[in-house]
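Take a look at the structure below.
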Amino acid sequence: MNIRNNIDAVQNQLANKNCRLIAVSKTHSLESIREAYDAGQRIFGENKVQELIAKQAALPKDIEWHMIGHLQSNKAKQLVPFVSLIHSVDSFKLLEEINKQARKINRVVACLLQVHIATEETKFGFDESELIQLIQSRELTNLDSIKVRGLMGMATFTDNQDQVRAEFKGLKNLFDQIAAMTLPASVEMKELSMGMSQDYPIAVEEGSTLVRIGTALFGSR
Ligand SMILES: *Cc1c(COP(=O)(O)O)cnc(C)c1O
């Protein structure tokens, strides 16, 4: 694996698009992350709190660490001091807990709300109506130590490109619909996190602003 070449190849696809690369470094070594860092990469994504914290402590402090995996409420406290963006907020309860922990340390933590767009049962996230209900609820206006910056979704794991495209299109439509609503101060629709190694070119065409790519940079896990 030539990590530098892999990053360049993805960056070429993102050229002239309003889309940033999150290098998903879960399970990969500090050495591999260092290689990506030396190639100019500054945003890394992890899906486990312990691993994110350990890597954060060992690597340069100008790295932005993004949490992309399912987060349990009881782990929010450990994560909140070190995370730049949490992509995977999938309940109001979790949002409240992040808010509580962030307030204690005087931070405002940026979050994305994860939307369930795949046909698979196992994926986490809000469905459309739950999400709209949450955005319109008064409870959200009381959270002053989080900022919802947009939405995240994962398409179905399939070779059917039409299906994947339709799922991304649906998420972009929902994003636009919410952006057009009157939003509480704690919500803005700026980021749309969609696209992984196997489907990111489609996601970028459909309006992604953050692609989360692991395998295509670092090899298989
Ligand atoms: C692992 C992971 C990715 C990256 O997947 P690749 O197929 O390796 O690019 C993206 N998003 C989430 C939520 C992940 O857990």
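Here, each number is a calculation from the coordinates, and none is a lab measurement. Note that the structure is predicted; figures quoted are calculated from it, not measured. Heads up, the Cβs are rebuilt from the backbone with ideal geometry, glycines too, and the neighbour counts pull from every protein chain shown.
Observations on the structure shown:
- Entries of Lys17/Lys190; Lys100/Lys169; Lys48/Lys93; Lys104/Lys147; Lys17/Lys169 with Cα pairs more than 23 Å apart: Lys100/Lys169
- Among the GluC sites (Glu not before Pro) within the stretch 85-176, those in coil by DSSP and having at most 15 neighbouring Cβ atoms inside 10 Å are Glu120, Glu121.
- Computed P(r) (all Cα pairs; the chain; 10 Å bins; percent): 8, 34, 37, 19, 2
- Label-reachable residues, the stretch 204-220, where backbone N falls under 18 Å from a point 7 Å from Ala180's Cα toward its Cβ: 207
- Candidate aspartates and glutamates - alpha carbon under 13 Å from Lys77, same-chain residues fewer than 8 apart omitted: Glu96, Glu97
- Computed from the C-beta positions of Asn18 and Arg103 and an R0 of 35 Å, the FRET efficiency is 0.65 to the nearest 0.05.
- The distance between label points at Ser29 and Phe82 comes to 2.0 nm (points 7 Å beyond Cα on the Cα→Cβ vector).
- Between the listed residues Gln114, Ser129, Val148, the Cα displaced farthest toward the positive end of the dipole of the stretch 78-221, a dipole computed from Cβ unit charges relative to the Cα centre, is found at Val148.
- In loop segments of the stretch 36-139 as defined by DSSP, the trypsin sites (Lys or Arg not before Pro) with at most 14 further C-beta atoms inside 10 Å of their C-beta are Arg42, Lys61.
- Helix-only [θ]222 nm of the chain, DSSP H runs n ≥ 4, -39500 (n - 2.57) each, per residue, nearest 500: -11000 deg cm²/dmol
- Global geometry of the stretch 82-135, whether rounded, prolate or oblate, following the gyration tensor of its Cα atoms and the 1.5 cut on a/c: prolate
- Derived scalar couplings ³J(HN,Hα) [the stretch 34-39; Karplus, 6.51 cos²θ - 1.76 cosθ + 1.60; whole Hz; x for Gly, Pro]: 4, 4, 5, 4, 5, 8
- Long-range amide H partners of Lys147 with built H, under 5 Å: Val109, Ala110, Cys111
- Each Lys and Arg contributes +1 and each Asp and Glu -1, all at the Cβ; summed about the Cα centre of the chain, the dipole is approximately 860 debye.
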